[in-house]
Amino acid sequence: MINFEWYRSFIEVYRVGTVSGAAQVLHLTQPAVSQHVAALESALGNPLFQRTPRRMVPTEAGQRLYTQVAGAIEKLESVPHKNSTAETPQTIRIGTPQEFFTEQMLDRLPQDDRTFYTVQFGLTTELIPQLKAGKLDIVIATQKITLSDIECQLLFEETFWLIGPPNLEVPIAEGISQADLNPLAQWLLTQPWIAYSEELPIARRFWRVVFGRRIDVQPKLIIPDLRAIRQAIECGFGFSVLPDYLCADWVKANRLTLVLKPTQAVTNRIWLAFRKSERQLPKIKRMLEICQINVN
């Protein structure tokens, strides 16, 4: 008789791609997961994976089996446990950019005696591997990562503005058309700039979309924190490009100057990423409900 746990181990190895990663997701040892897969292969009489030095590559038999059983396994795992989740404490492990979480997410998290949070700050490229390995439950990603075992739901769309110090006189007529932005671009290249990193990732994209060329400046100040950049602009260190949710209120309060809000908006989508195998878990469904207000 085939054990249900054999199927669960097979599903996770298929999705994660490694025995070690599946073991972390299932909270089992690597030998246990390997034994489950081997036992299932023996019972079915077909190899389900091709073992390579880095990954477990599904065979045709493995692909067929996954298609047949994945949906059923997810439905079984979504059946409520004997103890109500309303009475069982749970910890939600979140990986996120620091600025977005602090400004947009923190005050929306439910506060009750049964829910605990562990938050880890980092870049999307650093956090997604930890999500795959089962070390995080949710990742707020600044780019959509396409992986077979990871699902992404649109969370938020940010728009970027070009921002300068307060009480700034911009030498360009207000309401100028997009086609006449060249004088502004030339003037901005003579001003001091603040950047997130030496590569100017945000400013570079903004410059290319709005002015149709590459930006060629040496940042006067590099700070890997958008809120610190906002503060530095207010202090007069220079110009930068910031998401609207970080600077709109400061512009209204005359703490910053809105130099340019382009008619051709420069936007970026932010995603809520989680393991497909856990979509029906109460804590994932709860996070989806919390974030629903931001889905466009």
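Quick notes
- The one condition in (1) under 23 Å from residue 228 (Cβ atoms); (2) crowded, with 17+ Cβ neighbours inside 10 Å; (3) of a type outside the set (Asp, Glu); (4) out of contact with any helix residue (DSSP H, G or I) (no Cβ under 7 Å at 6 or more places or on another chain) that residue 128 fails to fulfil: (1)
- For the criterion of being modelled with pLDDT of 80 or more and surrounded by fewer than 14 Cβ atoms within 10 Å (Cβ to Cβ), residue 36 fails.
- Of all residues in region 246-290, those satisfying the criterion of being of a type in the set (Gly, Ala, Ser) and surrounded by fewer than 21 Cβ atoms within 10 Å (Cβ to Cβ) are 248, 253, 265.
- Neighbours by Cβ (under 7 Å, 6+ apart or cross-chain): first from region 166-184, closer than 20 Å to residue 238 by Cα; second at pLDDT 75 or above and among the aromatic types (Phe, Trp, Tyr): 171/187; 181/211
- Candidates in region 39-81 are the residues that are loosely packed, with under 12 Cβ neighbours inside 10 Å, farther than 12 Å from residue 17 by Cα and within 27 Å of the chain's Cα centre (by Cα); of these, the one that is modelled with the highest pLDDT is 71.
- Boolean, residue 85 is at pLDDT below 85, within 30 Å of the chain's Cα centre (by Cα) and surrounded by 14 or more Cβ atoms within 10 Å (Cβ to Cβ): yes
- If you go through region 202-233 and keep only what is modelled with pLDDT of 95 or more and among the small types (Gly, Ala, Ser), you end up with 228, 232.
- Within region 212-230, the residues that satisfy the criterion of being under 21 Å from residue 265 (Cα atoms), more than 24 Å from the chain's Cα centre (by Cα) and of a type outside the set (D, E, K, R) are 212, 215.
- Considering 277, 240, the condition of being of a type in the set (S, T, N, Q) and within 20 Å of residue 142 (Cβ to Cβ) is satisfied by 240 alone.
- Among (1) in contact with a Leu (Cβ under 7 Å, 6 or more places away or on another chain); (2) surrounded by 20 or more Cβ atoms within 10 Å (Cβ to Cβ), the one test that residue 11 misses: (1)
- Test result for residue 65, over 17 Å from residue 134 (Cβ atoms), touching a residue at least 12 places away in the same chain (Cβ under 8 Å) and not acidic (Asp, Glu): yes
- Residue match in region 143-152 (condition: within 30 Å of residue 236 (Cα to Cα) and either among the aliphatic types (A, V, I, L, M) or surrounded by 14 or more Cβ atoms within 10 Å (Cβ to Cβ) (or both)): no
- Enumeration of residues in region 18-32 that are surrounded by 17 or more Cβ atoms within 10 Å (Cβ to Cβ) and either under 23 Å from the mean Cα position of the chain (by Cα) or part of a loop (DSSP other than H, G, I, E, B) (or both): 18, 21, 22, 24, 25, 26, 28
- Identity of the residue in region 178-211, under 28 Å from the mean Cα position of the chain (by Cα) and assigned to a loop (DSSP other than H, G, I, E, B), that ends up surrounded by the fewest Cβ atoms within 10 Å (Cβ to Cβ): 198
The values are calculated or read from the model by the stated rules, or taken from the named source; none is laboratory data. What you are looking at is a predicted structure, and each value in this text was computed from that prediction instead of being measured. Because the Cβ atoms are built from the backbone with ideal geometry, glycine has one as well, and the counts that use them run over all protein chains shown.
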